[in-house]
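Data first, discussion second: the structure below is written as structure tokens.
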Amino acid sequence: MLDLKFISENAEFVKDVVKNKKEKANIDELLNLYENKKKLQFSFDNLKATQNKVSKEIAKKKRNKENADDLLAQMKLEAEKVKKINAELSESSKKLENALLRVPNVYNKNVPIGSSEDDNEIVRYEGEKKEFSFKPKTHIEIAEKNHLLDIERGTKLTGSGFPTYVNKGAMLERALINFMLDFHITKHGYTELKVPFMVNRKTMTGTGQLPKLENDMYRITEDDLFLIPTAEVPVTNFYAGEILNEKDLPVKFVAYTPCFRREAGSYGKDTKGLQRVHQFNKVEMVRLVKPENSYEILDEMVADAEDILKALKLHYRVLNLCTGDLSFASAQTFDLEVWAPGAQKYLEVSSISNFEDFQSRRASLRFRGDDGKPHFVHTLNGSGLATPRTFIAILETYQNEDGSIDVPKVLQPYLQGLKKI
RNA sequence: GGAGAGGUGGCCGAGUUGGCUUAAGGCGUGCGCCUGCUAAGCGUAUGUGGGGCUUAACACUUCACCGAGGGUUCGAAUCCCUCCUUCUCCGCCA
């Protein structure tokens, strides 16, 4: 969340942000709630101060065996007032909190203003589109021919969007996960975390999924738990509520988890095969850093994710997301889109974002600085990478005319040396 | 799932017949003094968040926070209720 003081001092800017991010937060209403809460807090504090003082006098009199009936009578009335205003105050605080949690993060000055993905800025292309001497097949055709996926039976087990990987398909998927984890750990210095796949409401609120996206997540109502839509949630919240030492920064975590997304409202869009699914696997990088250089770190994380695509020798492009495509919590996001020759389009495989102190304020993630005082860290995360579309790109890029697939060199050790599927 | 015992400041730990404790004492840490150096010793400071005052910061002042949320009371770390959680034992189970 944003700092209330910041919002009140930059109200017009924040209103622009809400508009450009296509959010709904009402800033004027929020500021009214803020003023109202401050007033109530002031009255409450003053009443409490009186009450505390007189209660001490009563205590003193009682100790001295003096009569305190008049004070007691007086305080009885005061107590009523305190109770009443306290109720108003907590009501007001709750409303303010709820409103504040729905205000999106501000974006930084390098984010292009725009309303949809068409306004995203293409930063650069890396590598070349592979030339084929034949018409490249789609991943669905290739998977079918080699029996790598069983979409129908996955659907039978659960429903559409829950793909089941079979035999070499399952092995290739697992190889990808292991390769990416090892790569980030050994080449980029990340520490692996293996986290729960369900989290509670507080954790979901910490990274900004709640309250806004409750309908986009799978929920265990019995225990009020949510299936994570990304490892970002448990990993970023790992140190929630703590004050870290400056020397503990930067924190660099990498974690593999499955991700669960209802994708409500996107039915029928890109649903073919693995393009858009309800459950998928992802290796996620998360960093907690000092505020001063978080944008350098963002570039570094983009490079970390790119390194995977480079190692797999896949063609891709880098996008700087415009305001309209930027998520609620992000200050700036770069997407990596990999080229899929069969589908003849670029597919998003990674999203790397700097949240500045938006998440750390929500989750209370702080470090003690040189000045001895706590400061909010900046949080960043990025996929490194999501597997389904990477899987698609591998199948489609490495396919041969006879329908077989060459295994990318870096994955061969993870498939017992297998060179061809 | 059942039974019992706990959850206090960075850490340890007192406080549970409600009121000179709006958290004692210790450790750790910062600063100062002392001292060939170090250690010891002495002194002093040391939580988080919000509000008021202030151009702002400092300072000052005030409120809240003793697992979380309610309640009783003039007054709650202390009493009552609900929940969470840790440990021990039992049961069930991969």
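The values are calculated or read from the model by the stated rules, or taken from the named source; none is laboratory data. Just so it is clear, the model here is predicted, and its values are computed rather than measured. Quick reminder, even Gly has a Cβ in these numbers, built from the backbone with ideal geometry, and neighbours come from all protein chains shown. Heads up: the accessible areas ignore ligands, DNA and RNA and are worked out on the full protein's heavy atoms, side chains in. Shrake-Rupley method; radii C 1.70, N 1.55, O 1.52, S 1.80 Å.
How high is the relative contact order of chain A, in percent, with contacts defined as C-alpha pairs under 8 Å that are six or more residues apart?
20 percent
How large is the accessible surface of A:His315 in square angstrom, using a 1.4 angstrom probe and rounding to the nearest 10?
Estimated to the nearest 10 Å², A:His315 gives 20 Å².
Okay, helix-only estimate at 222 nm for chain A: each DSSP H run of n ≥ 4 adds -39500 (n - 2.57), divide by all residues, round to 500 deg cm²/dmol; what do you get?
Value at 222 nm, helices only: -13000 deg cm²/dmol.
Could you pull out every residue, at least 5 positions away or on a different chain, whose amide H is within less than 5 Å of the one on A:Thr257? Hs are placed 1.01 Å off N in the peptide plane, and Pro or chain starts have none.
For A:Thr257, whose amide H was placed from the backbone, the distant partners under 5 Å are A:Lys282, A:Glu284.
Students often get this wrong, so check it: of A:Lys135/A:Lys420; A:Lys21/A:Lys95; A:Lys84/A:Lys202; A:Lys94/A:Lys194, which have C-alpha atoms separated by over 26 Å?
A:Lys84/A:Lys202; A:Lys94/A:Lys194
Tally Lys and Arg at +1 and Asp and Glu at -1 over the other residues with C-beta under 10 Å from the C-beta of A:Pro341: what net charge comes out?
Net charge around A:Pro341: +3.
For A:Val410, A:Val286, what's the largest-to-smallest order of accessible area, 1.4 Å probe?
A:Val410, A:Val286
Give me the accessible area of A:Lys60, 1.4 Å probe, in Å² rounded to the nearest 10.
130 Å²
Accessible area per residue of the range A:82-132 at 1.4 Å probe, in Å²?
67 Å²
Short version: ³J(HN,Hα) in whole Hz for each residue of the range A:177-182, in order, from phi by Karplus 6.51 cos²θ - 1.76 cosθ + 1.60 (θ = phi - 60°), x for Gly and Pro, what are they?
Values, residue by residue: 4, 5, 4, 5, 4, 4 Hz.
Starting from the range A:253-348, pick out the GluC sites (Glu not before Pro) whose DSSP state is loop and whose Cβ has at most 16 other Cβ atoms within 10 Å.
A:Glu263
Distance in nm between label sites at A:Tyr218 and A:Gln74, each 7 Å beyond Cα in the beta-carbon direction?
So the label points at A:Tyr218 and A:Gln74 sit 6.4 nm apart.
Give me the angle, in degrees from 0 to 90, between the Cα long axis of helix A:69-100 and the longest principal axis of the Cα atoms of chain A, rounded to the nearest 10.
It is inclined by approximately 20 degrees.
Loop only per DSSP, at most 15 neighbouring Cβ atoms within 10 Å: give me the trypsin sites (Lys or Arg not before Pro) in the range A:227-318, ordered by residue number.
Sparse-neighbourhood loop trypsin sites (Lys or Arg not before Pro): A:Lys269, A:Lys272, A:Lys313.
What's the carbon and sulfur percent of chain A's accessible surface, probe 1.4 angstrom, rounded to a whole number?
49 percent
So what's the gap between the Cα centers of the range A:274-312 and the range A:136-195, to the nearest angstrom?
About 18 Å separates the Cα centre of the range A:274-312 from the one of the range A:136-195.
Once you order the gyration tensor axes a ≥ b ≥ c over the Cα atoms, which shape class does the range A:381-421 get: rounded for a/c under 1.5, otherwise prolate or oblate by comparing a/b with b/c?
Oblate, since a/c reaches 1.5 and b/c is not below a/b.
Tell me which of A:Val277, A:His315, A:Ser327 sits at the most positive position along the dipole axis of the range A:256-379, charges placed on C-beta atoms (Lys, Arg +1; Asp, Glu -1).
Going by the Cα projections, it comes out as A:Val277.
So what's the angle, to the nearest 10 degrees on a 0 to 90 scale, between helix A:11-20 and the longest Cα principal axis of chain A?
Helix A:11-20 and the main axis of chain A meet at about 30 degrees.
Round to the nearest 10 and give me the degree value, 0 to 90, for the angle of helix A:387-397's Cα axis relative to the longest principal axis of chain A.
20 degrees
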